[in-house]
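Asks: Okay, handing you the structure first.
The values are calculated or read from the model by the stated rules, or taken from the named source; none is laboratory data. Computed from a prediction, not measured in an experiment: that's the story for all the values here. So basically every Cβ, Gly included, is an ideal-geometry build from the backbone, and we count neighbours across all protein chains shown.
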Amino acid sequence: MIRVVVVGATGWVGRELVKAVAAADDLELAGAVARTGAGQDAGTAAGIQVLGVALSASLDEALAHPSDVVIDYTKPQAVKGHALIALKAGRHVVVGTSGLTAEDYDEIDGAARAAGRGVIAAGNFSITASLLKRFATLAARHIPDVEIIDYASAKKPDTPSGTGRELGEILSKIRLEPTAKPVGELGGIRETRGGAVNAGGIAVQVHSVRMPSFVLSAEAIFGLPDERLTIRHDAGASAAPYVGGTLLAARKVAAQTGLVRGIDHLID
């Protein structure tokens, strides 16, 4: 039995995770964190039966009880601190919050390796988003020119989304030399060419669209003379696409040491 702590347990995804953990035969809800509603039963807060697990006001409070894995779906400004606290306490970590930088992930990776624990982090835990990453990685080895368009709701606080940033970082490491004129050589309003995401290779331009009616979508556009390939992921209004991938990560994270980005390597 894997004992799970859900941080952000009353959020959009967190509520669904509480329900899914409670329903799983191999998982046990060992703790739940939400500043609003602290003291309330986690099951009641999620709209299901009483689970006998009270919402904690802080992760430190939840970690006072035995657990194995901490799943975090909170805010970008909080999640790194939560991950470091959980690793120091000897827990494995699954990070579902977007907005972290490459430097943040490097710090988390170092802490995880020092603690001998695993961390699986993804900007998007849905299966189709993971397949987008896999298929785009394959295409980038053959097509030099690629750009990413990242779509999200008007209220999303970070740009690009974790999905767009993660995709841009992985493609920057493997992409071929592009044929497009470098952004630094352009006139006019250079910002219209998007933002450069680079994790140590050739930067990928990422364009973020924020407006009502979008939940989360991402597309990688590849171009060759007289032909074009678009690979796209679209999420609906439900949190369900993220739950299955997150629980897959929770089940697999103990086999890792250090940080792993994404779940595409776990799908098979």
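Asks: Give the stretch 52-84 a look and list any residue that's in contact with a Ser or Thr (Cβ under 7 Å, 6 or more places away or on another chain), of a type in the set (D, E, K, R) and at pLDDT 95 or above, or say none.
Replies: Asp72
Asks: How do the pairs read when you match residues in the stretch 96-116 that are in contact (Cβ under 8 Å) with a residue 40 or more places away in the chain and farther than 20 Å from Ser172 by Cβ with residues anywhere that are part of a helix (DSSP H, G or I) and among the hydroxyl-bearing types (Ser, Thr, Tyr), using Cβ under 7 Å and keeping only pairs 6 or more apart or on different chains?
Replies: Gly96/Tyr242; Gly96/Thr246
Asks: When the residues of the stretch 217-268 are filtered to those that are basic (Lys, Arg) and part of a strand (DSSP E or B), which remaining residue is surrounded by the most Cβ atoms within 10 Å (Cβ to Cβ)?
Replies: Per the stated criteria, the residue is Arg261.
Asks: Show me the helices (runs of 4 or more DSSP H) entirely contained within the stretch 95-179 in which 3 or more residues are modelled with pLDDT of 95 or more and among the small types (Gly, Ala, Ser).
Replies: Fully inside the stretch 95-179 and qualifying: 102-115, 127-140.
Asks: For the condition in contact with a strand residue (DSSP E or B) (Cβ under 6 Å, 6 or more places away or on another chain) and on the phi > 0 side of the Ramachandran plot, what is the one hit in Gly164, Gly194, Gly188?
Replies: From the options Gly164, Gly194, Gly188, the qualifying one is Gly194.
Asks: Kindly establish whether Thr44 is surrounded by fewer than 23 Cβ atoms within 10 Å (Cβ to Cβ), under 13 Å from Thr74 (Cβ atoms) and assigned by TED's automatic domain parsing to the domain that holds Ser67.
Replies: Spelling it out, it is not the case that Thr44 is surrounded by fewer than 23 Cβ atoms within 10 Å (Cβ to Cβ), under 13 Å from Thr74 (Cβ atoms) and assigned by TED's automatic domain parsing to the domain that holds Ser67.
Asks: Of the conditions (1) in contact (Cβ under 8 Å) with a residue 24 or more places away in the chain; (2) under 30 Å from Val13 (Cα atoms), Ala196 fails just one. Which one is it?
Replies: (1)
Asks: Something else: So, in the stretch 2-43, how many residues would count as being part of a loop (DSSP other than H, G, I, E, B) and charged (D, E, K, R)?
Replies: Of the residues in that region, 3 qualify.
Residue-wise test of (1) crowded, with 18+ Cβ neighbours inside 10 Å; (2) on the phi > 0 side of the Ramachandran plot; (3) assigned by TED's automatic domain parsing to the domain that holds Ile202.
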{"residue": "Val53", "(1), (2), (3)": "yes, no, no"}
{"residue": "Ala57", "(1), (2), (3)": "no, no, no"}
{"residue": "Asp72", "(1), (2), (3)": "yes, no, no"}
{"residue": "Gly81", "(1), (2), (3)": "no, no, no"}
{"residue": "Arg91", "(1), (2), (3)": "yes, no, no"}
{"residue": "Gly96", "(1), (2), (3)": "yes, no, no"}
{"residue": "Gly110", "(1), (2), (3)": "no, no, no"}
{"residue": "Lys133", "(1), (2), (3)": "yes, no, yes"}
